[in-house]
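Input: a single structure, listed below in structure tokens.
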Amino acid sequence: MKSGHFALPALSPRFIPVWRRNLLVWRKLAIPSILGNFADPLIYMLGLGYGLGALLPEVGGVPYISFLAAGTVCFSTMNSATFEALYSGFSRMHVQRTWEAIMNAPLTLDDVAFAELLWAASKSFLSGLAILIVIWVLGLSSSFLSLWILAVVPLIGLAFAALAMAFMALARSYDFFMYYFTLVVTPMAMLCGVFFPISQLPGPLQSFASVLPLTHATALVRPLMMGEIPAAPVINVLVLLAYALAGFYAAVILFRRRFLD
Amino acid sequence: MAILAVEGLHKSYGALQVLRGVSFAIERGECYGLLGPNGAGKTTTLRLCLGHSEPDAGKLQLRGLPVPAMAREARVRVGVVPQMDNLDPDFTVEENLRVYGRYFGLQDSVVRARIPQLLDFAGLAGRAGASIQELSGGMKRRLTLARSLVNDPEVIFMDEPTTGLDPQARHLIWERMRTLLGEGRTILLTTHFMEEAERLCSRLAIMDTGRVIAEGSPRQLVAQHIEPQVVEVYGDGVEHWTRAQASHLADRVELTGETAFCYASNPAPLLATLEAQAALRYLHRHANLEDVFLKLTGRDLRE
């Protein structure tokens, strides 16, 4: 690793054609992709929400399905950004050598990485949006404040896309990503207030959960969905932003080590 | 002025010294070959020329621009045919060209107007809508060549462009390369095929262990480094014959496996003794670039 690898990412508008390339591929597979965006999280939300919810008293002061709806928006956005940045990103970077082809044009590694970050975040926005539409249609949220979630979802997408990219930069094969799901995604799904309130956790786990990005995502989305203003929105936004920036910087350093050494 | 000038390049990866002072200069309109066994440093040299990696020492200028400092600007009018195909498998032939053009900042309308001509050149006319999976290996190579021309490049880097192709496909690529040279474009070619280098390159460098060990036109290299005639001899008793006869009559003999390579300015005495050896078969030919290459880099396998 060389000192030059730690330079801040240098960005240029040249990244746009790379983002558009991914969009063109997505458009060819749009129907199954959109179906996946709706169907998967919807089954979870409705199955658990109505099935399990019928056995439960109110959770956090609302019916369980309403509680779960906010968690599902966050969880689904995280998952979508993570899958795109890990599996699809790795295909483009390593398997298909698409990045190498692009970097023979007047683009740099930083441009490509930035385009990939924005693309994964864009795709996860569609997932979050799909769930939101279902929630609105089902009347699980009727507050105008819930429109603010449209601004929060891209931030969640950026944070998780950046983290997954940094991990993907170290991968030698697809199998490597199992570690990320076991060590990062699954614990967050359980600890960060997606399925039940964080207050149910023992004290030390609560403290641990408080530094995880998904906690700050649910802390923003849940109150907005209920028509309330989040308790500490500035901190939540700053934490998500910090994960996005730090994750992207780490990803760029690791990509440089991978490609330039 | 040289369109690509390389001076004193050094590059190490950890303890491994890959380049140890590589220098050469390519003039506009030239086809310049980089030859060398695996691990000689050819691919690293190409990477440095394109600005994908930084040299530890040495200077590089591509299209008059310093690399890697201004590599991005230099690559605006550079084409690359990589060793391994990296076409976009999700796209059609036409989309591959259009999307690649965008990376150079070209408007879709500009590239669209150029596509029929590019496909024609690549022998892919009428295949615009074909998916990449439908293409044969040779067609993919030709599409990669067409893609490298989308930005009207002054210089084209070709890294083993005909490896894995059948003779028909290989000859077509060679013909196209000549056309490109005729248009005044410059080609930097790396190859393992001496015949390819001999046919196409105006000058070439033979690299080994991170250095350029010989440079010149194919003809010059053969004249300078090797005896003009070769007799290849094989068959039962070739070792005995080599010791008894060839070692005296040839200027130089290399015995590898079952074959004796006898190099000579005047092969007549050798051929005369062979007439009397019914068990031995032989082939008499002019020396070529492959003989130079093997003499300079040795016959041992490189892995």
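Some notes on this structure:
- Qualifying residue in the stretch A:32-40 (condition: under 24 Å from the mean Cα position of the chain (by Cα), within 14 Å of chain B (Cβ to nearest Cβ) and either at pLDDT below 90 or part of a helix (DSSP H, G or I) (or both)): yes
- Restricting attention to the stretch A:199-218, the residues being open to solvent by 40 Å² or more (accessible area, probe 1.4 Å) and under 24 Å from A:Gly53 (Cα atoms) number 4.
- Screening B:Asn86 on (1) within 26 Å of B:Arg211 (Cβ to Cβ); (2) within 12 Å of another protein chain (Cβ to nearest Cβ); (3) open to solvent by less than 10 Å² (accessible area, probe 1.4 Å); (4) assigned to a loop (DSSP other than H, G, I, E, B) shows it passes everything except condition (1).
Rundown of residues vs (1) open to solvent by less than 10 Å² (accessible area, probe 1.4 Å); (2) under 25 Å from A:Pro13 (Cβ atoms); (3) free of Cβ contacts under 8 Å to residues at least 12 places away in the same chain, yes/no style:
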position: A:Tyr50; (1), (2), (3): no, no, no
position: A:Gly60; (1), (2), (3): no, no, no
position: A:Leu118; (1), (2), (3): no, yes, no
position: A:Ser127; (1), (2), (3): yes, no, no
position: A:Ile135; (1), (2), (3): yes, no, no
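- Within the stretch B:53-83, the set of residues being in contact (Cβ under 8 Å) with a residue 24 or more places away in the chain, charged (D, E, K, R) and part of a helix (DSSP H, G or I) comprises B:Arg75, B:Arg77.
- All told, B:Glu215 falls short of being open to solvent by 30 Å² or more (accessible area, probe 1.4 Å) and either assigned to a loop (DSSP other than H, G, I, E, B) or without any contact (Cβ under 8 Å) to a residue 40 or more places away in the chain (or both).
- For the stretch B:89-131, the tally of residues that are at the interface with chain A (Cβ under 10 Å from one of its Cβ atoms) and of a type in the set (A, V, I, L, M) stands at 2.
- In the set (1) in contact with a Lys or Arg (Cβ under 9 Å, 6 or more places away or on another chain); (2) modelled with pLDDT under 95, the condition left unmet by A:Gly203 is number (1).
- Some residue of the stretch B:16-35 being within 14 Å of chain A (Cβ to nearest Cβ), open to solvent by 20 Å² or more (accessible area, probe 1.4 Å) and out of contact with any Gly (no Cβ under 7 Å at 6 or more places or on another chain): yes
- Test: residue in the stretch B:89-105 that is of a type in the set (Val, Ile, Thr) and in contact (Cβ under 8 Å) with a residue 12 or more places away in the chain: yes
Matching residues to (1) among the charged types (D, E, K, R); (2) open to solvent by 30 Å² or more (accessible area, probe 1.4 Å); (3) closer than 19 Å to B:Ala197 by Cα:
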{"position": "B:Val233", "(1), (2), (3)": "no, no, no"}
{"position": "B:Arg252", "(1), (2), (3)": "yes, yes, no"}
{"position": "B:Ala287", "(1), (2), (3)": "no, no, yes"}
{"position": "B:Lys295", "(1), (2), (3)": "yes, yes, yes"}
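- Criterion violated by A:Leu23 - all others in (1) open to solvent by 30 Å² or more (accessible area, probe 1.4 Å); (2) closer than 30 Å to B:Thr43 by Cβ; (3) within 14 Å of another protein chain (Cβ to nearest Cβ); (4) part of a helix (DSSP H, G or I) satisfied: (2)
- For the stretch B:50-68, the set of residues classified as within 12 Å of another protein chain (Cβ to nearest Cβ), small (Gly, Ala, Ser) and open to solvent by 10 Å² or more (accessible area, probe 1.4 Å) consists of B:Gly51 only.
The values are calculated or read from the model by the stated rules, or taken from the named source; none is laboratory data. What you see is a predicted model; the values in this text were computed from it and never measured. With ideal geometry, Cβ positions are generated from the backbone for all residues, glycine too; neighbour counts draw on all protein chains shown. All accessible areas refer to the heavy atoms of the entire protein, side chains included, with ligands and DNA or RNA removed. Shrake-Rupley method; radii C 1.70, N 1.55, O 1.52, S 1.80 Å.
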